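Trainee: Okay, handing you the structure first.
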Amino acid sequence: MTIRYLKRGKDAQAKSEADAKVRATVEGILKDIEARGDEAVREYSKKFDNWEPADFRLSQADIEKAVKSLSARETEDIQFAQKQIRKFATAQLHSMKEVEIETMPGVILGHKHVPMSAVGCYVPGGKYPMIASAHMSVLTAKVAGVKRIVSTAPTFQGAPHPAIVTAMHFAGADEILTLGGVQAVAAMAIGTQSIKPVDMLVGPGNMFVAEAKRQLFGRVGIDLFAGPTETLVIADETVDGEICAVDLLGQGEHGPTSPVVLLTNSEKLAKETIAEVERQLKILPTAGIAALSWAEFGEVIVCDTYEEMLAMADELASEHVQIMTSRDDWFATHMQNYGAHFIGPRTNVAYGDKVIGTNHTLPTNKAARYTGGLWVGKFLKTCTYQKVTTNEASALIGEYCSRLCHMENFAGHGEQANIRVRRYGTRDEVPWYEPVPALA
């Protein structure tokens, strides 16, 4: 395999050192909030966001004020996006069938999909008001049937962002908080004197929010490890450097640690894209952030063949994969490790991020090797049940169970089976177990 890097990003050692600092910072904040509750949450909110209202929870009047402050066009745009997302989430829900089968006469097995009781949805909003994240988390949880949905976002320019609040409200949030960062996810997961804990945390965030979710996993469920956004553009000479540069920088503006990668089999396109990125950085309004992302986390990789490109794409396991080649469907069919595909030059990551209907909370840091993104199924627990309806079935299963328990020296388990055989069976001989030898 011949792979050439025309541009490399920050080395692995530097990334590891930065991650270690984030882990230590987050660990300290979580311990403090667990110990002091609301008092600690308020202190961190003041420290990081200069925000300490009498109540972090918005009142109904606050919500109505936010909704009324938007123009008719802004309201309609939010509703249009939510309509697309609701439609797709509902279709996903309907694809999940409950199961009940009779595996043998008198033995019924099945599973049901049970919604989470309480979910906390984090919506990023300190740097950019991420209105779409409210749709993706709150609305999808609502379609799944979650009973209590708490949604939170940090202040934007010193106040709750009215469009984020409106989106949360339209999506169906039961409680809306104006609180950001580690303190927000900690408050929802751990609980405080004023905030009842939830069972699951969802939503994207910066490296500190992502690390907080990682450390809280186990105490609560999480959707996935969603750190700084990632974009991989797979392209050949069917497209040009301008569109490749636009798709790279369009995601690089998320933050200075967002990896943006071009993977191509054309050195000509690679060089054109690098030049075009530099040109666009001179005119892009968010160039201050996108330039850092490109400088430290931007990569340009040139392969000789499409097969090499495919292998490299699977190794990168990127969150967003934009495919613009003469073999788009081939890549889409054969790739295994990715968060979401954006197939062909007519679509792009921004469509998925904002409005087209798929969910934009997707796996990062190579988590796409083992999980997909947030979807309605993440809010459902698939719980099994079993029911034995005849004496004959109970006795027959009991005989097999007893013998298997004996092989494992589980005498108590075996007796659970044996008592059913004795009570419901008709055979003269019933299974029994040898006493388990005493431990030396």
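The values are calculated or read from the model by the stated rules, or taken from the named source; none is laboratory data. Just so it is clear, the model here is predicted, and its values are computed rather than measured. Note that we place each Cβ from the backbone using ideal geometry, even for glycine, and neighbour counts take in every protein chain shown. Please note that ligands, DNA and RNA were not included when accessible areas were found on the heavy atoms of the full protein model with its side chains. Shrake-Rupley method; radii C 1.70, N 1.55, O 1.52, S 1.80 Å.
Trainee: Let me confirm something: among Leu292, Leu310, which residue is under 21 Å from Pro345 (Cα atoms) and in a helix (DSSP H, G or I)?
Mentor: Just a single option satisfies the conditions, and that option is Leu310.
Trainee: I need every pair where a residue in the range 386-404 that is on the phi < 0 side of the Ramachandran plot has its Cβ under 6 Å from the Cβ of a residue that is open to solvent by 20 Å² or more (accessible area, probe 1.4 Å) and among the hydrophobic types (A, V, I, L, M, F, W, C), sequence separation at least 6 or different chains.
Mentor: Gln386/Leu109; Lys387/Ile108; Ser394/Val388
Trainee: State yes or no: is His113 open to solvent by 10 Å² or more (accessible area, probe 1.4 Å), assigned to a strand (DSSP E or B), modelled with pLDDT of 95 or more and not small (Gly, Ala, Ser)?
Mentor: Yes.
Trainee: Continuing with the same structure: Filter the range 228-241 down to the residues that are over 19 Å from Ala275 (Cα atoms) and either open to solvent by less than 10 Å² (accessible area, probe 1.4 Å) or in contact with an Asp or Glu (Cβ under 8 Å, 6 or more places away or on another chain) (or both) and list them by number.
Mentor: Answer for the range 228-241, where residues must be over 19 Å from Ala275 (Cα atoms) and either open to solvent by less than 10 Å² (accessible area, probe 1.4 Å) or in contact with an Asp or Glu (Cβ under 8 Å, 6 or more places away or on another chain) (or both): Thr229, Glu230.
Trainee: Looking at the range 135-146, is at least one residue open to solvent by less than 60 Å² (accessible area, probe 1.4 Å), without any contact (Cβ under 8 Å) to a residue 12 or more places away in the chain, among the polar types (S, T, N, Q) and farther than 30 Å from Thr390 by Cβ?
Mentor: no
Trainee: For the range 143-183, which positions are among the β-branched types (Val, Ile, Thr) and touching a strand residue (DSSP E or B) at 6+ places or on another chain (Cβ under 8 Å)?
Mentor: Scanning the range 143-183 gives Val146, Ile149, Val150, Thr152, Thr155, Ile164, Val165, Ile176, Thr178.
Trainee: A further question follows. Among the residues of the range 198-219, which ones are in contact with a Pro (Cβ under 9 Å, 6 or more places away or on another chain), closer than 19 Å to Val376 by Cβ and either part of a helix (DSSP H, G or I) or open to solvent by less than 20 Å² (accessible area, probe 1.4 Å) (or both)?
Mentor: Gly203
Trainee: Moving to a separate point now. What pairs come out if I take residues in the range 337-358 that are under 19 Å from Glu74 (Cα atoms) and pair them with residues that are assigned to a helix (DSSP H, G or I) and small (Gly, Ala, Ser) whose C-beta lies under 7 Å away, six or more apart or interchain?
Mentor: Ala350/Gly250; Asp353/Ala132; Lys354/Ala81; Lys354/Ala132; Val355/Ala81
Trainee: Would you be able to tell me the number of residues in the range 150-180 that are assigned to a helix (DSSP H, G or I) and open to solvent by 20 Å² or more (accessible area, probe 1.4 Å)?
Mentor: Counting residues in the range 150-180 that are assigned to a helix (DSSP H, G or I) and open to solvent by 20 Å² or more (accessible area, probe 1.4 Å) gives 3.
Trainee: Another question, if that's okay. When the range 360-388 is examined, which residues are found to be open to solvent by less than 20 Å² (accessible area, probe 1.4 Å) and part of a loop (DSSP other than H, G, I, E, B)?
Mentor: Selection gives His360, Thr361, Leu362, Pro363, Thr364, Gly373, Leu374.
Trainee: So which residues in the range 390-415 are open to solvent by 80 Å² or more (accessible area, probe 1.4 Å) and outside any helix (DSSP H, G or I)?
Mentor: Answer for the range 390-415, where residues must be open to solvent by 80 Å² or more (accessible area, probe 1.4 Å) and outside any helix (DSSP H, G or I): Glu408, Asn409, Phe410.
Trainee: Is it the case, given these coordinates, that Gly37 is at pLDDT 95 or above, under 21 Å from Leu179 (Cα atoms), loosely packed, with under 12 Cβ neighbours inside 10 Å and of a type outside the set (Val, Ile, Thr)?
Mentor: Criteria not met by Gly37.
Trainee: Restricting to the range 116-133, what's the tally of residues that are assigned to a strand (DSSP E or B) and among the hydrophobic types (A, V, I, L, M, F, W, C)?
Mentor: 3
Trainee: So, Gly357, is that one at pLDDT 95 or above, assigned to a loop (DSSP other than H, G, I, E, B) and at positive phi or not?
Mentor: In short, yes.
Trainee: With the structure loaded, tell me whether Pro256 is open to solvent by 30 Å² or more (accessible area, probe 1.4 Å) and closer than 19 Å to Pro363 by Cα or whether it fails that test.
Mentor: Considered against the rule, which asks whether it is open to solvent by 30 Å² or more (accessible area, probe 1.4 Å) and closer than 19 Å to Pro363 by Cα, Pro256 comes out as yes.
Trainee: Right, another one. For the range 308-331, name all the residues that are within 21 Å of the chain's Cα centre (by Cα) and not acidic (Asp, Glu).
Mentor: Residues satisfying the conditions are Ala313, Leu316, Ala317, Ser318, His320, Val321, Gln322.
A quick yes/no check of all residues on (1) open to solvent by less than 70 Å² (accessible area, probe 1.4 Å); (2) in a helix (DSSP H, G or I); (3) at positive phi:
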| residue | (1), (2), (3) |
| --- | --- |
| Ile78 | yes, yes, no |
| Lys83 | no, yes, no |
| Arg86 | no, yes, no |
| Thr90 | yes, yes, no |
| Glu100 | no, no, no |
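Trainee: Let me confirm something: among Ser69, Ser59, Ser95, which residue is open to solvent by 60 Å² or more (accessible area, probe 1.4 Å) and either over 27 Å from the mean Cα position of the chain (by Cα) or of a type in the set (Lys, Arg) (or both)?
Mentor: Selected residue: Ser69, the only one of Ser69, Ser59, Ser95 that is open to solvent by 60 Å² or more (accessible area, probe 1.4 Å) and either over 27 Å from the mean Cα position of the chain (by Cα) or of a type in the set (Lys, Arg) (or both).
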